[in-house]
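> I'd like to ask you about the structure that follows.
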Amino acid sequence: MFSRSSATDPGFRSARVKALAKINLALKVLNKRPDGFHDLRTIFQTVSLSDAIDIGFQPGGPTAIEVESSIDIADNLVFRAAQAVMRLPGTGGGVRIHLQKNVPMGSGLGGGSSDAAAVLLALPVLTGRRIGLETLLCLGADLGSDVPFFLLGGAAVGLGRGTELYPLPEMPRANLVLVAPGIHVSTPEAYALLSRELTTDSVSHTINIFQSVVWTMADSRSFENDFEAVVFRRHPQLQLIKQKLLLAGAVCAMLSGSGSAVIGVFEDAETARRVAESFDGYGFPARIVTRAHYRAMWWRQLAAHIDGKVWPPKSRYAE
Ligand code: C5P
């Protein structure tokens, strides 16, 4: 095993990167597909809560990937993302990754997906592989439905299983409180519960509602998440958290993804900070991170290893 600093040992090309969390500002589930996934309509938005990843690559020799994490994670997506990159043509060598988890797991905030996307963005740059966005998005979708979004960041509409993404105009600055009460909601279970209540007739109606939500985004009161009905029934505490956020002055509060995190949108930063504190260790103040800021953050993090400011970040080590 190795320490956090050994990913930055001499001889290693290394970077310390942030893997941001996301929220879903609207989430409508349409129908179950033959491949077992559900078609959905969602608005993804990157937010400032983040995991920290130290990633190092030493060129030469056979490929060996070591991952260490501050919390034990079964079937860590970070490892699978590194394998996916190293399988592509290019220089072999040693990959060391240290993951510091801060985004609560099983909370619908996309922490694991973002960690995987961070490796898909950083490792090609360190190894000298130039991988086009199309290939990166495919690798991301193979790892999980939320991974491709983190290869783009900002605000985006997600269609299909959530992997078909289109950019939205940047959201106005908002002060968020993310409440993650330590309840693990199983995503497949939440989809299965919701699936039972879906009817073919409701699909076009659901699409109409989603379309109006996107066109009236300035009014955040219209945001809705279809998972609330089934997840709140199973975990009534989460509905109480939503009510507490609304009583504390949130202009809108809702479940993120399939939960268990509940998000509140507040008009002023001071109220958001106070409300986050009132949740005794379960509340996190956060702000929206626009696509422009997301890209600028990535270019800064990889500054020593990139060639210009293009997206996705382009390695300066490529032949
Ligand atoms: O893609 P990901 O690994 O995040 O999905 C986890 C599970 O959530 C899937 O196996 C599936 O049961 C469910 N899911 C779904 N429809 C989606 C996304 C996820 O049914 N669009």
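> If you stretched the chain out fully between Arg287 and Arg233, how much longer would it get, using 0.36 nm times the residue separation minus the C-alpha to C-alpha distance?
Extra length available between Arg287 and Arg233 comes to 16.5 nm.
> Same structure again: Given a 1.4 angstrom probe, I'd like the percentage of the accessible area of region 175-287 that is carbon and sulfur, rounded to a whole number. Provide the component values of the computation, followed by the final result.
On the way: 3200 of 5900 Å².
Accessible surface attributable to carbon and sulfur in region 175-287 totals 54 percent.
> Normalise the Debye intensity by I(0) for region 4-168, one equal point scatterer per Cα, no solvent, then take log10 at q = 0.15 Å⁻¹ and round to two decimals.
Ignoring solvent entirely, the Cα scatterers give -0.79.
> If I take R0 = 25 Å and measure r between the Cβ atoms of Asp268 and Arg300 in this structure, what FRET efficiency does the formula 1/(1 + (r/R0)^6) give, to the nearest 0.05?
Efficiency, rounded to the nearest 0.05: 0.30.
> Starting from the coordinates of the alpha-carbon atoms of region 175-287, obtain the Kirkwood hydrodynamic radius over all distinct pairs and give the value in Å to one decimal.
Numbers: mean 1/r = 0.0672 Å⁻¹.
For region 175-287, the Kirkwood estimate is 14.9 Å.
> Too long at a 28 Å Cα-Cα cut-off: which of Lys18/Lys309; Lys32/Lys244; Lys32/Lys101; Lys101/Lys242?
Lys32/Lys244; Lys32/Lys101
> Sticking with this structure for a sec: If I take R0 = 41 Å and measure r between the Cβ atoms of Arg173 and Asp72 in this structure, what FRET efficiency does the formula 1/(1 + (r/R0)^6) give, to the nearest 0.05?
Working from the Cβ atoms, E equals 0.65.
> Related question: Tell me, what is the per residue accessible area of region 175-287 in Å², probe radius 1.4 Å?
Heavy-atom SASA per residue in region 175-287 reads 52 Å².
> Could you please state, rounded to a whole Å, how far the C-alpha centre of region 131-198 is from the C-alpha centre of region 246-278?
After rounding, the separation between the Cα centres reads 20 Å.
> A further question on this structure: Just going by the charge dipole of the chain, with Lys and Arg at +1 and Asp and Glu at -1 on Cβ, which of Gly160, Ile131, Gly36 is farthest out on the positive end?
Ile131
> While we're looking at this one, here's another question. Using a Gaussian network model on the chain with a 10 Å cutoff between Cα atoms, which of Ala74, Ala118, Ala15 fluctuates the most?
In this elastic network of the chain, the residue with the biggest mean-square fluctuation among Ala74, Ala118, Ala15 is Ala74.
> Take the chain, connect every pair of alpha-carbon atoms lying under 10 Å apart with a spring to form a Gaussian network, then pick out the residue of Ala303, Ala253, Ala141 with the largest mean-square fluctuation.
It is Ala303.
> Ok, one more. To two decimal places, what compactness ratio does the chain give when its Cα radius of gyration is scaled by 2.2 N^0.38 Å?
1.00
> Does region 160-205 come out rounded, prolate or oblate, given a ≥ b ≥ c as the square roots of the eigenvalues of its C-alpha gyration tensor, rounded meaning a/c under 1.5 and, failing that, prolate meaning a/b above b/c?
Verdict is oblate for region 160-205.
> Please calculate how many Å² of accessible area region 4-168 carries per residue, with a 1.4 Å probe and no DNA, RNA or ligand atoms counted.
It amounts to 35 Å² per residue over region 4-168.
The values are calculated or read from the model by the stated rules, or taken from the named source; none is laboratory data. Bear in mind that the values here come from a model prediction, so they are computed numbers and not experimental data. Every residue, glycine as well, gets a Cβ built from its backbone with ideal geometry; the counts of neighbours run over all protein chains shown. Side chains included, ligands, DNA and RNA excluded: accessible areas come from the protein's heavy atoms. Shrake-Rupley method; radii C 1.70, N 1.55, O 1.52, S 1.80 Å.
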